[in-house]
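Here's the structure, in structure tokens; my notes come after.
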Amino acid sequence: MRRQLVVLVVVCGVTLSFAQLLQGGTGDSSLMSAPAAALPAPMLRRDTVYHARPLAQGNQALTRPRSLLAVCEAAAQMLSRHLAQCLAVLTSSKGSERGLEVLIPRLDAEGVPRLLLKGPLADNNGTSGKGTVLQEGCVVHVVFLEAAGSGGGTGGRQKGASGWDGQDLYLPSAPVTAPRSHLLILVPFASTDYRRVTTVLLHRHLPLHVDIRLLVPQVSDQGKGPLVNVYRRCLHCQEGDVGVRWAGWWASGGFTDPHTLLREQLRDLHGHVFHSVTMDFAPFIDYDKTQEQPGGVVIPRDSMDIRILQEAARVLNFSFVLREPSDGQWGYLLENGSWTGTVGTVQRGKVDFSMMLSITWERTYAVDFTRAYFVEPMTFVMRKPGPLPQWQAPVKPFSWQVWLMVTVSVLLAGPVIWLVLSLTPYARGYSTEGTAEGKLNGLEEEHESNHGLGLLCLYMVGPIFAEPVPFNPRGSSGRVLCGLWWFFCILTTTLYRGSLIARLTVPTRSSTLDTLEQLAASNLEWGMLDTYGSGYQLFRASQVPVYVSLFKEMQYYNMRHSMERVLKGKYAFISWKTYFRNLIARDYTDRNGDTQVHIAREDFFPGGFGWAFPKNSPYLIKFDKIFQRLIESGVVEKWMDDLIQLSASASKEKQVAGTAAAEVEGPRAFTVYHLQGIFLFTGGGMFLALLALVGEVLMVRFSARTHHSTALSLTNH
């Protein structure tokens with residue numbers, strides 16, 4: 001009974017000491033809770049290393065100096081030879097003074113380049129042991145598994161060994177974090193109990209994103225001194241589940257196999273099944289649903305992220321299951337700080353990662369992103385403007401300014417030629433009849449019926465309709481003027497006829513909208529997908545006036561309904577540019593390459609696409625390396641071009657298959673639709689001629705009546 005009581009006291013003491021040692025005086029529960037924002041890490045060179053104070057009297061928990069020295073030498077060699085690029089962080093506590101007193105000089109002798117001491121010992125030496133520091137690159141945390149508080153003497157080893165079974169073992173919030181983290185747990189007493197090694201390395205509170213090594217000394221049978229066994233934790237080496245592997249042993253000459261010693265725990269995932277959440281967004285993600293409601297498992301189809309995932313599965317040896325988020329949304333931030341949709345699913349750790357997701361500043365506080373593998377801007381699409389009314393075709397070849405200049409030129413041509421002919425030296429003067437009738441005699445062929453001012457104006461209009469002038473001026477001035485006028489008429493009519501034929505063949509369309517400002521000022525309606533992704537978050541949180549104006553009247557529909565409204569006209573659909581390129585090439589382009597959809601020229605909100613992982617996920621670095629390799633090799637860009645081309649080819653094949661024995665159409669004849677403007681113009685001219693006829697008849701009758709009245713009046717007198 002007494003012996004059991006002593007063992008119980010030792011176990012409690014070891015557990016409490018190790019907890020205090022790891023947490024460094026803090027009460028945080030996990031390294032995963034370390035804040036992301038922090039100050040730069042101070043770099044302590046070996047010539048400025050802070051050494052521990054002499055061991056306090058009565059605190060002799062660490063026994064067997066040879067075992068302690070061996071494990072410290074092994075740790076020092078590992079840090080200097082294999083982890084020299086990392087910052088070594090020593091976390092001190094009251095029970096670790098003796099161990100640090102031995103370890104720090106060994107680190108100094110091995111020339112460890114970067115060393116940081118945290119905890120009470122650092123406070124005693126004038127350094128700060130509070131706060132969290134973010135270190136670029138990698139960091140190695142070194143802690144002792146000891147039996148502090150169990151009493152001195154030689155019995156400490158056996159009592160300390162019992163501390164391995166402590167159920168309260170946990171790793172607190174680390175004082176220094178980095179993208180790549182290692183943990184060295186040093187056991188300063190000799191032991192060969194593999195069950196206790198497994199208990200420590202597989203403890204539920206040790207974070208998965210840290211590479212953990214346990215250094216345990218073992219007494220050599222040859223009596224040459226203690227050896228140090230190195231054990232490592234591997235996340236998926238036990239038939240896809242977490243396990244423990246022996247990594248080799250250390251003697252005074254070094255480690256047996258450094259490659260095995262530092263083998264990554266994620267080098268091979270041994271068929272581990274990953275669960276991923278995603279949304280349909282071709283060409284990035286494409287799949288077939290197994291159920292109508294969101295949240296079910298989906299069957300992947302050929303797309304960008306599926307190709308990346310298959311490549312990662314081949315390299316890392318894992319399998320995967322894809323499903324949709326339960327609410328069918330990409331995810332946006334709620335007032336309570338949580339996220340909906342895909343982002344919220346990853347944030348709460350319900351899946352291992354999400355596939356394609358837009359990287360935004362707000363989302364980085366909830367999840368960790370891989371590097372962006374594709375940069376994509378947003379834009380909007382609308383129906384291509386329809387052709388202008390064909391009745392406008394006869395007047396559309398020229399602008400109104402040109403028509404005004406042509407009209408003025410025609411009206412002035414007759415009076416100008418009349419004035420020039422009247423002033424030429426070849427003019428013969430006026431006869432009595434010519435003076436009375438206003439006729440010129442400066443023409444080579446003199447016909448009294450052709451010399452009037454009104455007829456000269458009519459003659460000058462003739463070249464516009466390809467009619468020759470029925471007279472030839474005798475003077476050079478008149479001939480030059482007529483030649484210039486004929487040249488003007490030839491150019492004007494040639495340009496008009498060519499433009500008119502082109503407009504009758506290919507009707508002119510109205511102008512398009514290409515900017516958000518034009519869209520906001522137009523009479524169109526606009527909207528986005530009802531999946532509420534990063535675009536929705538942008539318009540919702542933005543203070544830019546045009547974004548605020550658009551968000552007030554934003555509408556939300558699914559893709560099919562949105563495109564139906566676009567094709568009906570009077571609606572603009574806002575989304576990502578490559579998504580539109582693939583969608584239009586796949587579903588809204590005919591076999592001739594024509595489409596009724598217009599993509600705006602303005603790009604806005606350019607953002608990167610990446611995969612999202614829960615905070616401190618151990619898989620982020622491995623996937624980042626795969627993304628980096630695919631991007632640098634140009635595979636991602638080539639895959640995207642291939643996928644869009646495949647979508648266009650599939651659309652053409654579908655249309656050709658749907659039209660049996662399709663014939664190549666030849667030139668089409670002009671219809672009444674094409675020539676409606678000419679008929680309207682001709683009809684309008686006839687109407688004007690009729691009005692002129694009516695006016696002439698009325699004027700003649702009025703003139704005759706007036707003449708008759710004048711004659712009667714003279715007769716009466």
Has the range 510-521 got any residue that is at pLDDT 90 or above, within 21 Å of residue 282 (Cα to Cα) and part of a helix (DSSP H, G or I)? no
Quick check: is even one residue across the range 368-391 of a type outside the set (Gly, Ala, Ser), modelled with pLDDT under 90 and in a helix (DSSP H, G or I)? yes
Note on the range 297-311: residues assigned to a helix (DSSP H, G or I), closer than 22 Å to residue 580 by Cα and either in contact with a strand residue (DSSP E or B) (Cβ under 6 Å, 6 or more places away or on another chain) or open to solvent by less than 20 Å² (accessible area, probe 1.4 Å) (or both) are 304, 305, 306, 308
Return yes when residue 359 is closer than 25 Å to residue 631 by Cβ and buried (at least 21 other Cβ atoms within 10 Å of the Cβ) and no when it is not. no
If I ask for residues that are open to solvent by 10 Å² or more (accessible area, probe 1.4 Å) and in a loop (DSSP other than H, G, I, E, B), which ones from the range 330-350 would you list? 330, 332, 334, 335, 336, 337, 338, 340, 348, 349, 350
Members of the range 539-562 that are surrounded by fewer than 21 Cβ atoms within 10 Å (Cβ to Cβ), among the aliphatic types (A, V, I, L, M) and either within 20 Å of residue 283 (Cα to Cα) or modelled with pLDDT of 90 or more (or both): 544, 546, 548, 554, 559
Residue ID - most open to solvent (accessible area, probe 1.4 Å), chosen from residues in the range 249-266 that are free of Cβ contacts under 8 Å to residues at least 40 places away in the same chain and farther than 24 Å from residue 235 by Cα: 253
Breaking point among (1) more than 19 Å from residue 73 (Cβ to Cβ); (2) crowded, with 18+ Cβ neighbours inside 10 Å, for residue 230: (1)
Collect the residues in the range 109-147 that are more than 48 Å from the chain's Cα centre (by Cα) and modelled with pLDDT of 75 or more, keeping them in residue-number order. 109
Of 257, 268, 286, 241, which residue is among the acidic types (Asp, Glu) and in contact with a Ser or Thr (Cβ under 9 Å, 6 or more places away or on another chain)? 286
Being surrounded by 15 or more Cβ atoms within 10 Å (Cβ to Cβ), in contact (Cβ under 8 Å) with a residue 60 or more places away in the chain, over 21 Å from residue 207 (Cβ atoms) and not small (Gly, Ala, Ser): is that true of residue 274 here? no
If residue 641 passes every condition in (1) of a type outside the set (A, V, I, L, M); (2) farther than 16 Å from residue 363 by Cβ; (3) surrounded by 16 or more Cβ atoms within 10 Å (Cβ to Cβ) but one, which one does it miss? (3)
Does residue 327 satisfy the condition of being open to solvent by 60 Å² or more (accessible area, probe 1.4 Å), more than 30 Å from residue 193 (Cα to Cα) and either β-branched (Val, Ile, Thr) or out of contact with any Asp or Glu (no Cβ under 8 Å at 6 or more places or on another chain) (or both)? yes
Output the number of residues of the range 275-296 satisfying the condition of being part of a strand (DSSP E or B), farther than 16 Å from residue 647 by Cα and in contact with a Leu (Cβ under 7 Å, 6 or more places away or on another chain). 1
Would you say residue 480 is closer than 17 Å to residue 412 by Cα, β-branched (Val, Ile, Thr) and at pLDDT below 75? no
Which of the residues spanning the range 78-101 are in a helix (DSSP H, G or I) and either surrounded by 21 or more Cβ atoms within 10 Å (Cβ to Cβ) or among the charged types (D, E, K, R) (or both)? 78, 79, 81, 94, 95, 96, 97, 98, 99, 100, 101
Conditions (1) assigned to a strand (DSSP E or B); (2) open to solvent by less than 10 Å² (accessible area, probe 1.4 Å) -> residue 269 fails only (1)
Out of everything in the range 688-705 that is open to solvent by less than 100 Å² (accessible area, probe 1.4 Å) and of a type outside the set (A, V, I, L, M, F, W, C), what residue ends up being nearest to the chain's Cα centre (by Cα)? 695
Hand me the list of strands (runs of 3 or more DSSP E) wholly inside the range 547-632 holding 3 or more residues that are in contact (Cβ under 8 Å) with a residue 40 or more places away in the chain and in contact with a helix residue (DSSP H, G or I) (Cβ under 8 Å, 6 or more places away or on another chain). 571-576, 604-613
Name the residue that is surrounded by the most Cβ atoms within 10 Å (Cβ to Cβ), counting only residues in the range 237-248 that are in a strand (DSSP E or B) and out of contact with any strand residue (DSSP E or B) (no Cβ under 7 Å at 6 or more places or on another chain). 238
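The values are calculated or read from the model by the stated rules, or taken from the named source; none is laboratory data. Here the structure is a predicted model, which means the values were calculated and not measured. When we count neighbours, we look across all protein chains shown, and the Cβ atoms used for this are built from the backbone with ideal geometry, even at glycine. Areas reflect the complete protein model, heavy atoms only, side chains present, ligands, DNA and RNA absent. Shrake-Rupley method; radii C 1.70, N 1.55, O 1.52, S 1.80 Å.
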